[in-house]
1. Identify all residues within region 31-56 that are surrounded by fewer than 20 Cβ atoms within 10 Å (Cβ to Cβ), in a loop (DSSP other than H, G, I, E, B) and β-branched (V, I, T); write none if there are none.
2. Given the condition closer than 24 Å to R352 by Cβ and polar (S, T, N, Q), answer yes or no: does some residue in region 131-138 qualify?
3. Tell me, yes or no, whether region 191-202 has at least one residue that is over 30 Å from S60 (Cα atoms), open to solvent by 10 Å² or more (accessible area, probe 1.4 Å), polar (S, T, N, Q) and not assigned by TED's automatic domain parsing to the domain that holds A401.
4. Among the residues in region 62-73, are any β-branched (V, I, T), surrounded by 16 or more Cβ atoms within 10 Å (Cβ to Cβ), out of contact with any strand residue (DSSP E or B) (no Cβ under 9 Å at 6 or more places or on another chain) and under 22 Å from K319 (Cβ atoms)?
5. If N370 meets every condition in (1) free of Cβ contacts under 8 Å to residues at least 24 places away in the same chain; (2) within 30 Å of A181 (Cβ to Cβ); (3) surrounded by fewer than 17 Cβ atoms within 10 Å (Cβ to Cβ) apart from one, which number is that one?
6. (1) within 16 Å of the ligand (Cβ to nearest atom); (2) of a type in the set (G, A, S); (3) crowded, with 24+ Cβ neighbours inside 10 Å: which one isn't true of S167, the others all being true?
7. Mind counting the residues in region 378-403 that are within 16 Å of the ligand (Cβ to nearest atom) and over 19 Å from R36 (Cβ atoms)?
8. It is to be established whether one or more residues within region 66-77 are within 16 Å of the ligand (Cβ to nearest atom) and either in a loop (DSSP other than H, G, I, E, B) or assigned by TED's automatic domain parsing to the domain that holds S405 (or both).
Amino acid sequence: MKTSRSAKLFADAQQLIPGGVNSPVRAFRSVGGQPRFIKRAKGARLYDVDGNTYLDYVLSWGPMILGHANPAVTRVIKKAADNGTSYGAPTELEVTLARMIRDAFPSMEKVRLVSSGTEAVMSAIRVARGFTKRDNILKFEGCYHGHSDYLLAKAGSGLATLGIPDSPGVPEDFAKHTLTAPYNDIEAVRKIIAGQRRNLACIILEPIAGNMGVVPPAPEFLSGLRRLTEENDILLVFDEVISGFRVGFGGAQGLYGIKPDLTILGKIIGGGLPVGAYGGRKEIMDLIAPSGPVYQAGTLSGNPLAVSAGIETLKQLKKKGVYKKLETLSAALAKGIGEAAKKAGIPLTQTRVGSMLTSFFVSGPVTDWNTVKQSDTKRYGQFFHKMLEQGVYLAPSQFEAAFLSTAHTFQDIEKTIRAAHSAFKSL
Ligand code: KE4
């Protein structure tokens, strides 16, 4: 496979951009080799600068659920651009998108649009602290909620100790208000709450973890968290940046029937353009400026170009049979990959919720960060490159989700499974 143009561009990029990329995971550091520079994309395919074609299971890390350059979405973006891309003034489009989000996520009684998932998480935590007048928050190991300072914190020495920075540049003072617990461990949460008494503002989690690879919630985990938070006046915050409109039109909260106090969305609601959102109970959201004292603002928040792409994407997703098709395709892919690994005698643990899935190179079961980190990341890297050489573009990290789109076909799934048989055999 010719990759000389990508190689040249990567060399140039590294002179100008940290690591040659504008987001770390794109640099292929955890799988080795050099990233492919993409020239264009259409449907389920990426086309790189050396003329190679790839079946895409990254889909921009989730947003492109309708596939790349979906004709209807592209049409509305072009039309919106002709009307001007951003006014810094309210528009009807924002009301439409906020209403679509609230109708799909009834727990989001009021919604604020921002420009990224990180910004939405940062703002939701701020209003949770403002509403409860408490400083500490609890997150789960292996869950990622964007790169705001206090969410780049990791567990201190013991479970109940306060967090410590997980990145240089994050002051101890910021990280110490962030506690962490193992995902799916409701007893650990109970113990932390008992020790925290009335200092905990909120518990934030991915209701279906996607950032350690896909780890579904254990039965009763989400309902247990809902009960514990209600009993202790702690807000429950669902970060559905990945799962929102991915695992169903109502996200994970719709799938599992749990009503959080605040929800964060991103990715899919922008249809490939920068949109994030946070929302929840009216009495919490009304604390946000200008209706209340909790400040949050953004120059391009709710801009008509991005919002138009989001509205059209949700309109497409609302059509009958969309999620059934995604489910059927995803189940067939998972089954085929599992069979290929078994035939090659490769230990593999597969996880999947709807069209977000992961194949862990470990015997399993996987329930939290401690279990997924036992995966053979070296072998995953070899598998990744064997698939890439055959024109299948998986996540360049064992600890990410693979995604499908409505543009994927059964022929694509069969091609992928054939590639997997060949890749597993070569490991
Ligand atoms: P952004 O700021 O990247 O829009 O969203 C941050 C974020 C928040 N919450 C969850 C659950 C997320 O998954 C993310 C971002 N996800 C990563 C990959 N899983 C984006 C890819 C990247 O960082 O390049």
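1. V49
2. For region 131-138, residues closer than 24 Å to R352 by Cβ and polar (S, T, N, Q): absent.
3. Step one: of region 191-202, the residues over 30 Å from S60 (Cα atoms) are 191-201.
Checking which are open to solvent by 10 Å² or more (accessible area, probe 1.4 Å) leaves us with 191, 194-199.
Applying the additional criterion that residues be polar (S, T, N, Q) yields 196, 199.
Now drop any that are not not assigned by TED's automatic domain parsing to the domain that holds A401, which leaves 196, 199.
There is at least one residue in region 191-202 that is over 30 Å from S60 (Cα atoms), open to solvent by 10 Å² or more (accessible area, probe 1.4 Å), polar (S, T, N, Q) and not assigned by TED's automatic domain parsing to the domain that holds A401.
4. Yes, because at least one residue in region 62-73 is β-branched (V, I, T), surrounded by 16 or more Cβ atoms within 10 Å (Cβ to Cβ), out of contact with any strand residue (DSSP E or B) (no Cβ under 9 Å at 6 or more places or on another chain) and under 22 Å from K319 (Cβ atoms).
5. Answer for N370: the failing condition is (1).
6. (3)
7. 2
8. The initial filter retains those residues of region 66-77 that are within 16 Å of the ligand (Cβ to nearest atom), namely none.
Taking every residue of region 66-77 in turn, none turns out to be within 16 Å of the ligand (Cβ to nearest atom) and either in a loop (DSSP other than H, G, I, E, B) or assigned by TED's automatic domain parsing to the domain that holds S405 (or both).
The values are calculated or read from the model by the stated rules, or taken from the named source; none is laboratory data. All figures in this text were calculated on a predicted structure; none of them were measured in a lab. Because the Cβ atoms are built from the backbone with ideal geometry, glycine has one as well, and the counts that use them run over all protein chains shown. Note: accessible area is taken over every heavy atom of the protein model, side chains too, but ligands, DNA and RNA are not part of it. Shrake-Rupley method; radii C 1.70, N 1.55, O 1.52, S 1.80 Å.
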